[in-house]
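Everything below concerns the one structure shown next.
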Amino acid sequence: MTYPAELSELIEEFKDVEDKMERLEMVFDMADEVVPFPAEQWTNQTKVQGCQSEAHVHVQLEDGKVLLLSGADAKLVQGLMGILTLAINGSAPAQALLLSPDFAEEMGILNSLSPSRSNGFRNMFDKVMKDIRQFV
Amino acid sequence: MAIRDDFPILKREVNGFPLIYLDNAATTQKPQVVIDAMNEYYTSSNANVHRAVHTLAGEATEGYESCRNILKSWFNADRAVLTSGTTEAINLVAHAWGRANLTDGDVIVLTEMEHHSDIVPWQMLAEERNVELRYVPVMEDFTLDMDAYAASLEDAKLVCVVHTSNVLGVRNPLEEIIELAHSNDALVLVDAAQGVPHERIDFKESGADFMAFSAHKMCGPTGIGALLIDADVFETMQPFMGGGDMIETVTITGSTYQTNEHKFEAGTPRIAEAIGWCAAFDWMATLDLKKEHKRLIGIARWVAEQLREMDIPVYGRHEAKDSAVVSFLHPSIHSEDLAHLFDSRGFAVRTGHHCAQPLLTRLGISGTVRASFYLYNTMDEAKQFIEQLKDITERFG
């Protein structure tokens, strides 16, 4: 699958890193990419199920493009949200829907995370895609 | 020969680093003799138990029933039902004793320290039978409020108490709890899942009416546990799962049931697991458990002191009879992030609510990181754990 250029570069960067702690640190750093979703606006509807920590996402359209807002209490989850933000924000909804969650596996992130966390990522990805679908 | 040499898994690496396994309160590792016993059963003796007359069935039955015999002698108990684990054992009491003996307005006393498996079955029964549940609070020193406990016993038919908290490592004053309950004509169920790995318990001497625990927390296999039952109380219980093995006769108009423990063991039981558990008991019998426990609580106390010196809150007190569990909350690194970072260096620790949400609510937190030590852990591993925590704090805190 082909990815947006920025995401493809990131995938290559992650692939080059063998040390798991370093890879985790890189995920943590991706938290900077998150468009914040204030905790006051977190509801049951925005909650990502299956995450061990508290994680919330909200998708809206801005000038016809996807804008993902997200927030979590754990840095790792924030980082995963940041990567997803990088992958879809600014895309047309139909284009964002083409994204496959496989990029997380290609980056070695899923391998570096516990199964519950991996499921949490998948649940987050699926929820974001479901939210985008309402705009198509 | 060092204890850890008996555990093949401890030789493996995780993420390129030697495994340091500190999640023993969740499950313990298995010595080679347990693995061999289960392997040998499937290789040489696999058959179903009790009914068939052939040689393999005889060997399987002997292996399975020898587990019951070991349980009875290890714990000094007259009745030992083999279950899938602590959870099923407690559910068995709720169904087999609770339904036969509890009615409208009866009271069950629980504590805020209980594992979910000693709360949810009672909530389900309470809803069905209109039974009142009362919870004994946990105080700031992480112990039960014994005055509140004494006051809660009016009309109580059953007291359910955890032997040792899986979060705090605190060992409850069971002797006092059981005596008070009995003087109020209430029976006592002890959830000893975290107790039996650390303490050699005499069931009859303890006075408990029910005691539930799992094999996998004491170097035995997963999927098997036991419920010890007082002989007189045993007679007041009705079977709740129907099927093979638990019957005496079946006709199209009705059935009669076995009168021994088999009446609570419907269906093909966990034969390989029972045989593996026997091997675990035999292996543990070669150790001086009191000496080992003293060593482990010493390690836990040292770790707790180190954490406090780093201004990290520790939830527990680590007295002589407590288990070697250290729960803490890092002030600047989220528990889950911390667990992943530890994992990246080969350390296995636990995070989350540890299936004890009411306790964490009482403590005003949503989760902890928990390092729990067992027979094969060493002081050197504890030192590496603290060193790693310091490194992680410096880099990510």
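The values are calculated or read from the model by the stated rules, or taken from the named source; none is laboratory data. Please read all numbers here as calculations on a predicted model, not as lab measurements. With ideal geometry, Cβ positions are generated from the backbone for all residues, glycine too; neighbour counts draw on all protein chains shown.
Annotations for the structure displayed:
- Looking only at segment A:1-15, and only at residues there that are of a type outside the set (S, T, Y) and in contact (Cβ under 8 Å) with a residue 24 or more places away in the chain, the one that is nearest to A:M30 (Cα to Cα): A:L10
- B:G298 vs. criteria among the small types (G, A, S), buried (at least 22 other Cβ atoms within 10 Å of the Cβ) and out of contact with any strand residue (DSSP E or B) (no Cβ under 7 Å at 6 or more places or on another chain): no
- Against the test of being surrounded by 16 or more Cβ atoms within 10 Å (Cβ to Cβ), of a type in the set (D, E, K, R) and more than 14 Å from chain A (Cβ to nearest Cβ), the options B:K11, B:K30 yield a single qualifying residue, B:K30.
- Top-ranked residue of segment B:161-176 - restricted to ones that are part of a loop (DSSP other than H, G, I, E, B) and aliphatic (A, V, I, L, M), ranked as nearest to B:D230 (Cα to Cα): B:V170
- Qualifying residue in segment B:386-395 (condition: in contact with a Ser or Thr (Cβ under 8 Å, 6 or more places away or on another chain) and of a type outside the set (G, A, S)): yes
- For segment B:304-322, the condition of being within 14 Å of chain A (Cβ to nearest Cβ), under 23 Å from B:H115 (Cα atoms) and part of a loop (DSSP other than H, G, I, E, B) holds for none of the residues.
- Only residues that are of a type in the set (S, T, Y) and under 22 Å from B:A382 (Cβ atoms) were counted in segment B:333-367, giving 3.
- Members of segment B:221-255 that are touching an Asp or Glu at 6+ places or on another chain (Cβ under 8 Å), at pLDDT 90 or above and not hydrophobic (A, V, I, L, M, F, W, C): B:P221, B:T222, B:G223, B:G225, B:D230
- Test: residue in segment B:61-82 that is in contact with a Pro (Cβ under 9 Å, 6 or more places away or on another chain), assigned by TED's automatic domain parsing to the domain that holds B:E273 and closer than 26 Å to B:E205 by Cβ: yes
- For the residues B:D36, B:D23, the requirement of being surrounded by fewer than 17 Cβ atoms within 10 Å (Cβ to Cβ), of a type in the set (D, E) and modelled with pLDDT of 95 or more singles out B:D36.
- Unique match (being within 11 Å of chain A (Cβ to nearest Cβ), in contact with a Ser or Thr (Cβ under 8 Å, 6 or more places away or on another chain) and either over 23 Å from A:A72 (Cα atoms) or surrounded by fewer than 20 Cβ atoms within 10 Å (Cβ to Cβ) (or both)) among B:G367, B:G346, B:G352: B:G352
- Restricting segment B:257-292 to residues that are of a type in the set (V, I, T) and more than 21 Å from the chain's Cα centre (by Cα), the residue that is modelled with the highest pLDDT is B:T286.
Let's see how each residue does on (1) within 14 Å of chain A (Cβ to nearest Cβ); (2) part of a helix (DSSP H, G or I); (3) buried (at least 17 other Cβ atoms within 10 Å of the Cβ):
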| residue | (1), (2), (3) |
| --- | --- |
| B:T43 | no, yes, no |
| B:R51 | no, no, no |
| B:G58 | no, yes, no |
| B:T61 | no, yes, yes |
| B:N69 | no, yes, no |
| B:V81 | no, no, yes |
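- Of the helices (runs of 4 or more DSSP H) lying entirely inside segment A:16-107, those containing at least 3 residues that are over 14 Å from the mean Cα position of the chain (by Cα), closer than 20 Å to A:I132 by Cβ and more than 14 Å from chain B (Cβ to nearest Cβ) are A:93-96.
- Contact annotation: residue pairs with Cβ atoms under 8 Å, 6 or more positions apart or on different chains, pairing a residue in segment B:200-221 that is touching a residue at least 60 places away in the same chain (Cβ under 8 Å) with a partner that is charged (D, E, K, R) and in a strand (DSSP E or B), are B:A212/B:D191; B:F213/B:D191.
- Residue in segment B:158-166 that is in contact with a Cys (Cβ under 9 Å, 6 or more places away or on another chain) and more than 27 Å from B:T103 (Cα to Cα) present: yes
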